[in-house]
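Visitor: Below you'll find the structure I mean.
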Amino acid sequence: MVQKLVLFLLALSAFAQAPTQRPIPRMPDGKPDFQGVWDHPYVPDMTADRKDQKGAGALPYTAWGADNFKNYDVSKFDYTGHCLPFGLMRSVNVGGYPIQMMQNSTYLAMLFEQNTWFHVVYMDGRGHPAAKDLMPTWFGHSIGRFEKDALIVDTVGFNGKTRLDTLGHPHSDQLHVIQRFEYTDPDHLAYEVTIDDPMTYTRPWKNTRVFTRMKPGEEIIEYSCEENNRDFTEGHIK
């Protein structure tokens with residue numbers, strides 16, 4: 001009897017000391033709630049933390065993609081230095097500027113502090129427009145769906161005028177981006193992006209990283225990119 005009582009008290013003590021895992025936030029319909037302000041790492045080179053079925057290393061360029069990257073010279077022209085839109089991937093990859101997510105059952109919006117841009121993901125079950133009706137844009141056309149607790153954002157319809165990252169890895173207007181967001185705990189998101197562009201790469205490839213929820217009271221602020229950037233146009237910034 002005494003032995004059983006001791007075992008019971010030990011088990012009760014262990015239970016009391018065990019950390020309580022907070023549940024992930026959820027919307028009224030039970031889907032994960034991704035609303036919040038998220039810090040994300042600077043990824044100037046998407047070949048870092050790259051994952052695909054062939055492993056890390058040089059990107060699987062087509063002849064067009066390899067030639068495009070080889071001949072890219074940021075000192076001659078970089079669209080971001082002229083306040084043109086960064087595009088979806090470079091906006092996600094830029095560091096030091098958080099992203100706020102707003103969500104309901106119809107839309108999920110990504111509010112980028114960088115240049116005060118926004119991007120809307122349609123969550124109401126619609127598909128992409130037919131190819132003939134798809135208007136090419138800087139950020140593309142995004143539709144979202146849930147696979148259990150993972151949010152999958154599928155984006156097509158790019159204009160091909162941007163780069164994937166600061167290093168200048170290229171893409172064409174055939175780019176197809178698939179982003180995957182999933183909570184690992186209430187304050188962290190596992191993020192995975194798949195790059196599929198048959199004009200630029202011979203096969204799809206992936207990159208992964210972690211988003212971290214910012215502390216209460218930390219909000220995005222206004223950012224303004226000014227035209228006539230003389231430091232850039234006169235060669236002070238390379």
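Here, each number is a calculation from the coordinates, and none is a lab measurement. This one's a predicted model, so the numbers in the text were calculated from it and none came from an experiment. In this analysis, Cβ positions are derived from the backbone assuming ideal geometry, glycine residues included, and neighbour counts consider all displayed protein chains.
Visitor: Going by the alpha-carbon gyration tensor, a ≥ b ≥ c the square roots of its eigenvalues, is region 105-238 rounded (a/c under 1.5) or, if a/c is not under 1.5, prolate (a/b greater than b/c) versus oblate?
Guide: Here region 105-238 falls in the oblate category.
Visitor: Normalising by the residue count of region 29-225, find the relative contact order in percent from Cα pairs under 8 Å and 6+ residues apart.
Guide: After rounding, I find 27 percent.
Visitor: Here is a follow-up. Points 7 angstrom from Cα along the Cβ direction at Met102 and His188: gap in nanometres?
Guide: In this crude label model, Met102 to His188 measures out at 3.0 nm.
Visitor: Normalised by the residues of region 142-214, what does the relative contact order come to in percent, with Cα pairs under 8 Å and at least six apart?
Guide: 23
Visitor: If packing is taken as the mean number of other Cβ atoms within 10 Å per residue, what is the order of 162-172, 60-70, 91-101, highest first?
Guide: The packing order, highest mean first, is 162-172, 91-101, 60-70.
Visitor: Once you've got the Cα coordinates, tell me which of Lys132/Lys206; Lys70/Lys161; Lys76/Lys161 are over 19 Å apart.
Guide: Numbers: Lys132/Lys206 28 Å; Lys70/Lys161 17 Å; Lys76/Lys161 15 Å.
The pairs that break the limit, which is 19 Å between Cα atoms, are Lys132/Lys206.
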